[in-house]
1. Where does each of 58-66, 147-155 land if you order them by average Cβ count within 10 Å, highest first?
2. Taking 0.36 nm per residue of sequence separation and subtracting the Cα-Cα distance, how much length would be gained by fully extending the chain between Asn106 and Ser145, in nm to one decimal?
3. Rg and Dmax in Å for region 98-192, alpha carbons only: what are they?
4. If only Cα atoms are counted, what is the Rg of the chain, and what is its Dmax, in Å?
5. Starting from the 7 Å offset along Cα-to-Cβ, what nm value, one decimal, do you get for the label separation of Asn220 and Ser17?
6. Within region 87-120, report the trypsin sites (Lys or Arg not before Pro) that DSSP leaves as loop and that have at most 15 other Cβ atoms within 10 Å.
7. Could you give the accessible area per residue of the chain, probe 1.4 Å, as a whole number in Å²?
8. If you roll a 1.4 Å probe over region 68-220 with all protein chains in place, what percent of the accessible area is carbon or sulfur?
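The values are calculated or read from the model by the stated rules, or taken from the named source; none is laboratory data. Being a predicted model, the structure only gives us computed values, none of them experimental. Reconstructed Cβ throughout: ideal geometry from the backbone, glycine too, with neighbour counts over all protein chains shown. The accessibility values were calculated without ligands, DNA or RNA, using every heavy atom of the protein model including side chains. Shrake-Rupley method; radii C 1.70, N 1.55, O 1.52, S 1.80 Å.
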Amino acid sequence: MLVNKDNYYRIAEEVKSRNGILVAVSKTKPVEAIKELYELGHRDFAENYVQELLQKQPLLPKDINWHFIGHLQSNKVKFIAPFIHLIQSVDSSKLLTEINKQAAKNARNIDVLLQVHIAAEETKFGFDKEELFKFMEQLKKDSLSNISIKGLMGMASFTNDENKIRKEFSGLYSIFEDLKSSRSTTFTVLSMGMSSDYKLALEEGSTMVRVGSLLFGERN
Ligand SMILES: *Cc1c(COP(=O)(O)O)cnc(C)c1O
């Protein structure tokens, strides 16, 4: 057994009861594990590394919705552009421009989330709040016709301090609500919450959680 089914059914139910989407984070896990969850009816999977995604994707059913959640280099976009379902980790205008270009080349539209830096740690990628609002203003002028910005993604600090995590999530939620009110109806996704904090995230308004280790076991 490569999937913890009890956890899967429980978390899927929790997420569904809030009309959210559960994304299974399969990084470092074998295709057999993905297949096992797929057999249970699951379709949304996420990977962090382009190379790993490119190895797995051809071996798996074509109706999987692949999410990209890792730091993405512009020169790698072309490899995932033909099939990627949602790029959640857009953290620069250069990257967004490249995704638009590669989407056009593939005659498709690519959905993206903008990654927002909400954690205290220095290492996390993403826009900070001011950058994000500026960037969204700029986007009203630029025409990126092969991209849909569906919402925001963020990661809380790596800490046991629940209050801190909650504050970071609620901060992101209020940014999301601000932007949502000034944008089209397609701005609907707030991706926040992982194995350790998805419950808090749902309580703070998450519409999409990204869960790995609770479904597939700890990574090495
Ligand atoms: C690895 C990862 C996850 C899943 O982490 P777990 O703690 O295993 O649930 C979620 N989001 C991002 C961006 C990740 O890199």
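1. So the peptides 58-66, 147-155, ranked by packing, come out 147-155, 58-66.
2. 12.7 nm
3. Every Cα atom of region 98-192 included, Rg and Dmax give 14.5, 46 Å.
4. Rg, Dmax (Cα atoms, Å): 16.7, 51.
5. That separation, rounded to one decimal, is 3.7 nm.
6. Answer in residue order: Arg108.
7. 49 Å²
8. Here it works out to 49 percent.
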